[in-house]
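*Asks:* Structure incoming, see below.
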Amino acid sequence: MKKKFLIVAAFLLFGSQAFSGGFQVALQGQRQIGMAHTGTALAFDASSVFFNPGSLAFTIKNNVSVGGSLIRSRVKYIAWQETDAPSNYQSETESPLGTPFALYASYGLKDSRFKFGLGVYTPYGSSVKWPSDWKGYSVLRSLKLQSVFIQPTVSFRLSDKIGIGAGFVYATGGVELQKGIGALALQNGFSEAGLKGSANGLGYNIGIHAKLSEDLSFGLDYRSRVDMKVKDGEATFIVPPSTSGVLGLFPPGGKTSFSATLPLPATLSAGLAWKAGPKLLLALDYNLVYWSAYKELRFDYGASVNGAMSTASPRNYKDASIIRFGAEYQASQKFAVRAGYYFDQTPVGDGYMTPETPDANRNCFTAGLGYHVSDKLSVDASFLYVEGNTREQSPSDILVNAPDSFVPGTYKIRVFVPGISLSYNF
């Protein structure tokens with residue numbers, strides 16, 4: 001039980017749900033979402049602040065756009081099937097709706113080669129809630145993660161064919177979680193650990209946009225690693241006084257502070273956009289996410305926890321790729337339809353899945369609509385469906401990787417994400 005408590009925080013504060021490929025929230029522009037979230041080679045509007053600052057200088061009009069999505073995710077868990085004693089136990093998350101958003105603005109003088117932009121968006125974050133009686137209560141009950149990136153940007157058109165751009169990123173966020181405390185959670189349902197803290201970090205976004213021909217464009221973008229630093233977070237432990245031999249494991253008063261640094265990995269994106277006809281636009285993006293930066297999660301405490309001032313939990317993530325294909329068809333002067341598909345490779349190796357939503361390779365399907373209300377005002381809507389591969393984790397898989405932090409069994413995830421945005425040109 002001591003070991004179970006010792007690692008209570010070391011894998012939960014920012015777990016795979018927030019920092020794996022599956023929950024790197026790809027919802028930064030509704031028009032792009034409808035096209036499989038392609039955008040590296042596109043110069044639609046102020047959303048280029050995120051997708052490629054080099055493309056911003058090629059946007060025709062000044063623009064303000066605001067949009068949001070509703071994430072509805074479901075994770076199904078089936079207990080590990082023992083050879084001599086098959087189990088029929090199943091559980092499913094009761095997660096609340098996630099609400100990521102994006103706000104962009106751009107401005108430049110009519111004949112200027114410069115364009116300036118600002119983006120406020122949510123690239124990481126999620127909410128997970130398991131039933132209070134589920135099998136893995138001692139590993140996780142609920143987790144709420146939030147992050148907001150603020151990015152002022154400048155873009156410069158070197159010529160009629162090439163543009164460059166760069167943005168500074170300030171990231172801020174927070175976390176709240178609850179879980180049972182090892183064996184105590186089985187003996188006393190109200191024996192619980194809670195973590196709460198805020199985090200911030202700095203980064204940058206640079207890109208180049210090239211018009212290879214009248215109908216073909218190329219884009220290259222690099223979003224840097226952002227180290228999210230938690231300082232003076234609060235850890236709270238609720239333990240019944242009647243539980244003998246346990247209170248000495250916890251800080252006085254059941255509370256202490258903690259600090260940690262979490263790497264949000266760098267992403268390199270390359271894209272092509274082809275005007276295949278007067279009404280058809282095709283786009284292809286490739287994203288390489290440098291998840292190998294996430295080796296372990298270390299926590300330093302303000303007071304001794306089970307005789308130690310720090311803990312560490314292994315992650316050993318792998319770099320992962322995402323391939324995206326999208327299309328837009330201009331059905332009429334005012335109305336456009338969109339569709340797309342992308343394959344999202346998991347960075348999480350065997351034996352490292354956690355119940356924050358175990359990550360697996362995912363097939364993602366998108367659709368979207370666009371409507372020009374007037375020359376200045378447009379509305380875009382999108383829908384994303386994510387189908388995660390069924391993934392099994394056996395006790396032997398996790399034997400050497402902090403076994404008290406993981407729940408063996410079979411996991412399956414589905415995600416439904418509708419979204420809408422308004423865009424105003426001036």
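*Asks:* I'd like to verify a number: residues in region 263-284 that are part of a strand (DSSP E or B) and either out of contact with any helix residue (DSSP H, G or I) (no Cβ under 6 Å at 6 or more places or on another chain) or aromatic (Phe, Trp, Tyr) (or both), how many? Quick ask: steps written out before the conclusion?
*Replies:* Taking region 263-284 first, the residues part of a strand (DSSP E or B) are 263-264, 267-275, 280-284.
From what is left, the residues that are either out of contact with any helix residue (DSSP H, G or I) (no Cβ under 6 Å at 6 or more places or on another chain) or aromatic (Phe, Trp, Tyr) (or both) are 264, 267-275, 280-284.
So the count comes out to 15.
*Asks:* Consider region 273-324. How many of its residues are loosely packed, with under 14 Cβ neighbours inside 10 Å, over 28 Å from HIS209 (Cα atoms) and hydrophobic (A, V, I, L, M, F, W, C)?
*Replies:* Matching residues across region 273-324 total 2.
*Asks:* Further question: Residues in region 247-265: is at least one within 30 Å of ILE206 (Cα to Cα), among the aromatic types (Phe, Trp, Tyr) and touching a strand residue (DSSP E or B) at 6+ places or on another chain (Cβ under 8 Å)?
*Replies:* Within region 247-265, not a single residue is within 30 Å of ILE206 (Cα to Cα), among the aromatic types (Phe, Trp, Tyr) and touching a strand residue (DSSP E or B) at 6+ places or on another chain (Cβ under 8 Å).
*Asks:* If I filter region 204-224 down to residues being in contact with a strand residue (DSSP E or B) (Cβ under 6 Å, 6 or more places away or on another chain) and outside any strand (DSSP E or B), which single residue comes out as farthest from GLY54 (Cα to Cα)?
*Replies:* ASP215
*Asks:* Sticking with this one: Go through the residues of region 118-125 one by one and say whether even a single one is out of contact with any strand residue (DSSP E or B) (no Cβ under 8 Å at 6 or more places or on another chain), surrounded by fewer than 18 Cβ atoms within 10 Å (Cβ to Cβ) and either more than 27 Å from THR267 (Cα to Cα) or touching a residue at least 40 places away in the same chain (Cβ under 8 Å) (or both).
*Replies:* Taking every residue of region 118-125 in turn, none turns out to be out of contact with any strand residue (DSSP E or B) (no Cβ under 8 Å at 6 or more places or on another chain), surrounded by fewer than 18 Cβ atoms within 10 Å (Cβ to Cβ) and either more than 27 Å from THR267 (Cα to Cα) or touching a residue at least 40 places away in the same chain (Cβ under 8 Å) (or both).
*Asks:* Within the set of pairs 6+ apart or on separate chains, which have a first residue in region 212-224 that is free of Cβ contacts under 8 Å to residues at least 60 places away in the same chain and within 18 Å of TRP274 (Cβ to Cβ), a second that is of a type outside the set (Lys, Arg) and part of a strand (DSSP E or B), and C-beta atoms under 9 Å apart?
*Replies:* Correct list of pairs: LEU212/PHE218; LEU212/LEU272; LEU216/LEU272; LEU216/ALA273; LEU216/TRP274.
*Asks:* Where in region 285-388 are there strands (runs of 3 or more DSSP E), lying wholly inside it, with at least 3 residues that are modelled with pLDDT under 80 and either within 21 Å of GLY271 (Cβ to Cβ) or more than 18 Å from the chain's Cα centre (by Cα) (or both)?
*Replies:* Values: elements: 296-305, 308-314, 320-330, 335-344, 362-372, 377-388.
Where strands (runs of 3 or more DSSP E) fall fully within region 285-388 and carry at least 3 residues being modelled with pLDDT under 80 and either within 21 Å of GLY271 (Cβ to Cβ) or more than 18 Å from the chain's Cα centre (by Cα) (or both), they are 296-305, 308-314.
*Asks:* For region 63-97, which residues satisfy the criterion of being touching a Lys or Arg at 6+ places or on another chain (Cβ under 8 Å), at pLDDT 80 or above and of a type outside the set (Val, Ile, Thr)?
*Replies:* SER73, ARG74, LYS76, TYR77, ALA79, TYR89, GLN90, SER91, GLU92, listed by residue number.
The values are calculated or read from the model by the stated rules, or taken from the named source; none is laboratory data. Keep in mind that this is a model prediction, so the values were computed, not measured. All Cβ positions, even for glycine, are placed from backbone atoms using ideal geometry, and neighbour counts span all protein chains on display.
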